[in-house]
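All remarks here apply to the structure that follows.
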Amino acid sequence: MARPSKPVAVLESEKKSHRTKAELEQREKGEAALLSGKRCFERESVRANPVAHKEYQRLIKLMRAIGKDDALYAPEYNRYSELFSEEEFYKGEIVALQSELVSLRGLTINAAAAANIISEEIETGNISEELTVTLDGLLENISKLHDQRGKLLKQLSDMDLKVKQKREAMLALEKENCMTVSAALRTVPKEVQKPEEDALLKALREE
């Protein structure tokens, strides 16, 4: 696939384009014809979400720098910002679950150590109803801790899947948006039309 042409704003900012002033002017007119001429807008749902709002502001600033903050792209930019917010949420859930797993592991180790001490006491003949009850309680707690750990691992796996799904959706949107912009830019003539070409096109339209 051919590399997409750079917008005029980018070419001018680089200050190293080999194109003539006339070519740049024609490209600029062509690009303008592909836009609605209305400024991009932020949806209420995005504005109300601090994470999505911040991402939208970052994204629109970049798009504005290359003249792509047009209302035509608003749905994609808003959708992308919302997906980014959702991805960040699930990433936060993963961190919280990982922290719970660490704490749970510590509790399990401590409970197992206490159970071993009590078992040794029982083996040496220091058997008492209190020790037996304590040991039974510890073993039951250890079993519950293992069950809880299994549930947390399942939740962690689900969160990982959610993050993966969000990232795939974001990547698909990025590709779609890039291809849409690239396809639009490829329709912009790179060369200045010659007078005879203009006359020919006019004649063809009149037929």
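Residues satisfying the criterion are present in the range 163-171 (criterion: modelled with pLDDT under 85 and open to solvent by 40 Å² or more (accessible area, probe 1.4 Å)). For the range 118-132, the candidate set comprises residues that are polar (S, T, N, Q) and surrounded by fewer than 12 Cβ atoms within 10 Å (Cβ to Cβ); within that set, the residue that is modelled with the lowest pLDDT is Asn126.
Yes/no matrix, rows are residues, columns are (1) under 16 Å from Leu156 (Cβ atoms); (2) open to solvent by less than 30 Å² (accessible area, probe 1.4 Å); (3) over 25 Å from the mean Cα position of the chain (by Cα):
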site	(1), (2), (3)
Asn78	no, yes, no
Phe84	no, no, no
Glu93	yes, no, no
Leu104	yes, yes, yes
Asn116	no, no, yes
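The values are calculated or read from the model by the stated rules, or taken from the named source; none is laboratory data. The structure presented is a predicted model; accordingly, all values stated were derived computationally and were not measured. Glycine also receives a Cβ, built like all others from the backbone with ideal geometry; neighbour counts cover every protein chain displayed. Just so you know, the surface numbers come from the protein's heavy atoms only, side chains and all, with ligands and any DNA or RNA stripped out. Shrake-Rupley method; radii C 1.70, N 1.55, O 1.52, S 1.80 Å.
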